[in-house]
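Take a look at the structure set out below.
Throughout, read-outs are computed from the coordinates displayed, never taken from laboratory work. As the structure is a computational prediction, the values presented were derived from the model and not from experiment. When we count neighbours, we look across all protein chains shown, and the Cβ atoms used for this are built from the backbone with ideal geometry, even at glycine.
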Amino acid sequence: MAQTQTHFELFELPVSFEIDLSELSQRYRELQRAVHPDKFANASDHERRLSVEKAAAINDAYQTLKLPQKRARYMLELQDVSFDDEKDTALDPAFLMEQIELRESLSELDESDDALEKLTQIMVDIKRRIGDVLQQVSQQFASGELDDKQKYSVKQLVHKMQFLNKLQQEAEFMEENLLDIM
């Protein structure tokens, strides 16, 4: 495993946003079996350390390729797009307004008699929005090498996914709390 090897090369997958997750998981298990530290129990300290490092690198690559947001971000980074999460905050004002409205809807659920039903509707809406963004990202990457305008567009979509995923996690947390109360 060379250090210049991409995650896609490591798993012997084509560079594509659309990947077969079961194939990825199968290759992950095969790679982890090959470098598992238990196999190196009687090896030298150096070989054991390399085994642990390789296992960690395989795990990191798997986590990156498994999750669509991380995969899209990684694919952009492969095309020399950099991310600065502290400074990259400019998003479409209409999208930001939608996020504010969704967050307000979530915060108002405590005052509602049918909170679980309303939360379910919000979660369906969030899931649909995530699906729409994923479809747009997939279409952009399907065109092959991205030009600068497309890279910027996909970068914006990655940031949108980040917002929506966080909102989804908050909604799932609220759902757990509501179910615990019932």
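Take a quick pass over the range 93-181 and tell me how many lysine pairs come in under 15 angstrom between Cα atoms, counting only ones 8 or more apart or on separate chains. Write down the numbers at each step before the final one.
On the way: LYS118/LYS127; LYS127/LYS160; LYS127/LYS166; LYS151/LYS160.
Total qualifying Lys-Lys pairs in the range 93-181 comes to 4.
Working from label points 7 Å from Cα in the Cα-to-Cβ sense, the ASP114 to ASN42 distance is 6.8 nm. Helix screen, the chain: DSSP H segments with Cα axial length of 20 Å or more and mean Kyte-Doolittle hydropathy at least -1.0 are 21-35, 45-66, 93-107, 115-142, 148-181. Within the same chain, lysines fewer than 8 places from LYS54 are excluded, and of the rest, those with a Cα less than 24 Å from its Cα are LYS39, LYS66, LYS70.
For GLN135 and LEU78 in the same chain, what is the full-extension length gain: residue separation times 0.36 nm, less their Cα-Cα distance, in nm?
Numbers: separation 57, 0.36 × 57 = 20.52 nm, distance 2.03 nm.
Contour length minus the Cα-Cα distance gives 18.5 nm.
Please go through the range 1-64 and write out the chymotrypsin sites (Phe, Trp or Tyr not before Pro) that DSSP classes as loop and that have at most 13 other C-beta atoms within 10 Å. Walk me through the numbers before you get to the answer.
Numbers: sites: PHE8, PHE11, PHE17, TYR28, PHE40, TYR62; in loops: PHE11, PHE17.
Within the range 1-64, no chymotrypsin sites (Phe, Trp or Tyr not before Pro) qualify (loop, at most 13 other Cβ atoms within 10 Å).
With a cut-off of 18 Å on the backbone N, the residues of the range 131-160 near the modelled label site 7 Å out from GLU172 along Cα-Cβ are 131-134, 160. Roughly how far apart, in whole Å, are the Cα centres of the range 1-31 and the range 56-102? The distance from the Cα centre of the range 1-31 to that of the range 56-102 comes to 19 Å.
Each of SER51, PHE173, GLN135 was placed along the dipole of the chain (beta-carbon charges, centred on the mean Cα), and the one lying farthest toward the positive end is SER51. Among ILE122, ILE58, ILE181, the ranking by other beta carbons within 10 Å of each residue's beta carbon, starting with the fewest, stands as ILE181, ILE122, ILE58.
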